[in-house]
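To keep things clear, I will list the structure first and then write my remarks on it.
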Amino acid sequence: METKIKKISVGDTLIMKKPHPCGSFGMKVLRIGSDLRIQCTVCGRDMSVPRVKLEKNIKSVIAPEHDAKADTER
């Protein structure tokens with residue numbers, strides 16, 4: 001069985017399969033590595049979670065929007 005490593009970057013918002021106890025499904029990525037440091041988008045609680053455990057619970061990854069300055073220069 002192959003495991004797919006998802007592309008996760010600092011600043012991405014992760015939509016989880018199960019909610020945080022506060023009711024939020026969104027988590028913002030603060031640090032990446034073998035453990036990921038994430039922060040709840042509603043209550044602000046931050047935690048460090050092993051990448052393997054976290055990847056099983058991710059529903060989708062939302063990249064941050066491009067800054068407006070880069071879009072106007074095109």
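Structure notes:
- Of the residues examined, residue 29 is not one that is of a type in the set (Val, Ile, Thr) and either outside any strand (DSSP E or B) or touching a helix residue (DSSP H, G or I) at 6+ places or on another chain (Cβ under 9 Å) (or both).
- The sole residue among 56, 28, 69 that is modelled with pLDDT of 90 or more and over 16 Å from residue 12 (Cβ atoms) is 56.
The values are calculated or read from the model by the stated rules, or taken from the named source; none is laboratory data. What you see is a predicted model, and the numbers here were worked out from it, not measured in a lab. With ideal geometry, Cβ positions are generated from the backbone for all residues, glycine too; neighbour counts draw on all protein chains shown.
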